[in-house]
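To start, the structure itself, in structure tokens.
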Amino acid sequence: MFRRHPTLAFYFLLLLFAAGAAAIFIATFDLDHYRRQLEETLAATLERPVTLGQARLSFDQGAALDFSRIDIGPTADRPGSLTAAHLLVKPDLREALQGRLTFNEIVLSEPRLTLPPFGGAQIDPAAILALFDQLRIHALSLRNGALLQEEPDRQGHPLLLLSGVEAALSGVRPGGTVELESSGSHWQGDQSAPFGLRGNLTLGADPRRWEDARVDLALTLEHLPPQPLLERFLPADGSLSTSGAFSLNGTVRGMLDSGLDLRLELSGEELRLHLPQLYETPLPVKRLHLAGILGYAKESWSFKTFTLRIDDLEVNGSLGLSVRDGESRLAASLKSSPLPLLGLRDLRPLREAWPAVERLTGGSLQILSLEIDGPMPGPGRMPAFLDALKARLRLKDLGARLDWPGELSDLAAELSWQEGQLQVETGTARLKEEPLNFSGMVEKPWEENFPLHLEAKTLLSATELLAKLSPRPVPGLTLFGPVPLRLNLAGVPEQLQIELAADLTRVGAAYRGQVEKPMGQPATLSLQGEITPESLQVKAGQLHMPPLDLHLSGSLARQGQRPFNLEMELAPLDLEQCRSQVPFLEKLRAEGRIDLRYSLSGRDGKLEKHQGVAGLQRVGVHLTPVIADLREANGEILLYPNRAETHNLNLKLGGSPLVVDAKVADFRQPAVEIEVKGDSIRADDIIFPNDHAFLRRLNGHLRIDGKGILFDPVRVRLDGGTEATVRGTVTFADPEVRLDIDAPYGNIDEVIALWQRPEGAPPEPPTEEHGKTRLLITAAAHRGQLGNLHFQEARGEISLRDGMLAIFPLSFRSGEGRCEGHVAVDSSLGSPPLLKISGHLDNFDASAIYHEMLRRKGLVSGVLQGDFYLEGRAGKSFLETSTGGVAFTVKEGVLRKFQILAKVFSLFNVSQILSLNLPDMDTEGMPFSLVRASVKLDQGILATEDLFIDSTSMNLSLVGSLNLHTETLDMVLGVKPLRLVDQIVTNIPLAGWLLAGEEKALITAHFAITGKTDAPQVMVVPVTSVSEKVLGIFKRVFGLPGKVVSDVGELFKSSPSPPPEPQRD
């Protein structure tokens, strides 16, 4: 049989040998010796105490050693322990025959691995892989295992982490592929979650280089509550907690040296993060995805091309951790999807630090790129970390509700961070639907005084800007139109320089109809200042709106009672150029220049003090057509919170210089109280048209308000001696002058002359303004003169309506006499005006009229009564244009020193014959009982037809005229002697014939008076030479009853006329 089948026989003999060898091994194998050898080997390899229980041989699953127990204990520097109820060891028999301890499989039943406390000494994965190599374990199985961890505060009561662990590892050998499959339950407190781990691990040639191992693992974890896990690793301060659970699926593939492909998928099951210090409400987590390449090389960890997605947020990039020169360093390159910013509203610290975050209405922040290669952040290392950080960020669609200036929307900006500097490169937004552009820079914000710069441009509504700057509405002020604004901030937080520029060109403004700025007029506002923790300062501000140029400066304290001050300075402003924008100035016809210095101060937002000084340079205004314009005002006006005043203000009223002290006592009831002085005021600069007359030594008090001018009182003198105290008003709206004048002395002629316009001036145009001006003056003079007539207690009312000046009623007293008159001056026909005078004289002293007023030679006494009316162009042309008449009587008087009568009496040769006792005109005069006459005035010629003098000696009648232009006379004087007729008959033979006849005619003599008034020619004229008209007048005046003697010339003799006297009649 062996010959026919030699191969079969060989294998049979080999089997017998093997069986014999096994029998010999079994017969000679010492289990206790092997147990001790195994304990020593394990203890030496693990560097821990190892104790094995009773050993026995088992053939249930092949030849194996079954130890009833195994204990691997801790050492002082190697905490942690491992126990198992059974240890089944399947040795490699061939290795065992050669004396080498090799295990094909080790099975641990109910193993309990206890880890040291978290944070203590940890297990080195490289040591575990090296252990497999040293023990030559090809496979390891765990049955119903558990993983526990010691807790520092519960010594001897480890915390259960895993239970029911079933695991199998196979192919554990250098260069081999380890198959791994494990399952069990993960415990968190009293809650468990099933887990599963399967895959393979390909070891490198050196098992201690675990980074060379290739892995392909898959992990599942279901329904795990994370809260117990957090409680183990985080402080129990309540800063982070969770509710709900999550399930996790993960895979790891590849080599750590070249990169592990790591993928995790987490699904939240009502999972919420509780962060009470950050958020009031828990944050839900629905899904988490993490994928990337995890690598390790040269003590450097890397996580490349990773993607982290939490719900809608996604972060991509790579991370790297390394140690250089003993310093941990981080290298990262990241980018993200847009992060919604609405969640910032719920971030408690941000809300407390910046309450305005609640106004966010939308927006997102996206990491376009983030790169870092520097030290790990930590205490003292944050500046270096931030300095090494590079990032580009994008803000998009950010919106916010702002109380002022309004809704912010569509904010978008790109931000860059490099070398510790944050830059906003291009920022845009819409502010109340108007565009907003901004950019800026912040450098090293972790430093105490880091530099920053911000520039913003936008468009605001002038109406809303006014409402913000002035919380209380300014009555009557309206602003409208867009305001382009540009803001610059630069410096450090402790000292920021601010620049603000506003283009006001498209802004329209109006203030109570008195100030207007049309849209389109160029205007700018600029401010330069400084912001510090202590104060806000405006170092230089300017409102430039040609011709206006206003400069500003001031400060506002930011602490305590927050005192503030503001200084304003208005550069010299040309008022005439402002008239188009300020209707009030146009109405005033303002001219000249004005400057202003004004200061305001207060605290806690309340204005406590404000005052200033306004400078006037040749300022002029038009107040009313009644008086001349104020011109060339030079001086200063002191401005106080509710009042103003000025002292020694020099100005001109028309062309008349004045010195003025003025004040406004209360701006709430604006009225200017003025003390005015002037040495010489032109009459035509106030209410009078005369351009040659002057008012002297003017001194008085005026009050000007919105209604008009009040004189209370004003004292003035005229060149003719008039002294007057004036009270009254001049109104603006409906021009009217109402004055009350009281004069200790008044010259009526010069008062009337005040209304005399320049010679040859054309009629005033009937403008509506001038035509409406009315004047009413009540005047009283205690004494004075009218022409050469002195009077007392004169009273009158002067009125001006529609260009007609009237003095009516006019009354005055002269001695015992009184006069009631009416004076009218009509300027409507041009210059000189038409003067009309009428009146009635009663009980006047005739000498006052003849000698004082008419300045004629001779004296007339007696009681005068009469009526008169005169009119003509005032001034030099009065005589040639004059008309009028006078009717008067003088009773019981005497005529003295009348040259004409003296010459007439000298011609009476009968005086030597008849003893008529003719009066001596130079001494006693000629008494009379009545003088009666009516006189007409026509173009400077006085004419009378009925002047009659009734005296005891004779009756006189005068017919003729006096030419006032040439001072020449052309008169006929009739004389009727009244002595006894028998004296005449006795001495004159002819008398019988004269007195014969039926009519018994009386004797009359006639004299012609001609020549100059200062040297009149008196001649006797025969009756035949007298015209029938004159004779008729004489008959009527003398009452002649019959025929007059035809020739009585022989009764008279000629005598030479005396030389002319210089005195006028």
- Task: Between the alpha-carbon centers of region 278-325 and region 357-395, tell me the distance in whole angstrom.
- Result: 16
- What order do you get for D257, D666, D938 when you list them from fewest to most C-beta neighbours inside 10 Å? D666, D938, D257
- So, relative contact order of region 452-621 in percent, Cα under 8 Å, 6 or more apart, is 13
- Query: To the nearest 20 debye, what is the magnitude of the charge dipole of region 452-621 about its Cα centre, counting +1 on the Cβ of each Lys and Arg and -1 on the Cβ of each Asp and Glu?
  - Reply: 480
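Take the eigenvalues of the Cα gyration tensor for region 330-447, scale each by 5, and report the square roots as semi-axes in whole Å, largest first.
Working through the eigenvalues yields semi-axes of 28, 16, 14 Å.
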- Message: Is there a quick way to get the dipole size of region 338-410? I mean about its Cα centre, with the Cβ of Lys and Arg at +1 and of Asp and Glu at -1; what is the value in debye to the nearest 20?
- Response: 100
- Please state the relative contact order of region 330-447 as a whole percent: Cα pairs under 8 Å, 6+ residues apart? 19
- Note on the structure: Percent of all alpha-carbon pairs of region 230-354 at distances over 26 Å, whole number, is 39
- Obtain the nm distance between the two label points defined at D666 and D387 by a simple spin-label model: each point lies 7 Å from its Cα along the Cα-to-C-beta direction. 7.0
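Here, each number is a calculation from the coordinates, and none is a lab measurement. What you see is a predicted model, and the numbers here were worked out from it, not measured in a lab. Because the Cβ atoms are built from the backbone with ideal geometry, glycine has one as well, and the counts that use them run over all protein chains shown.
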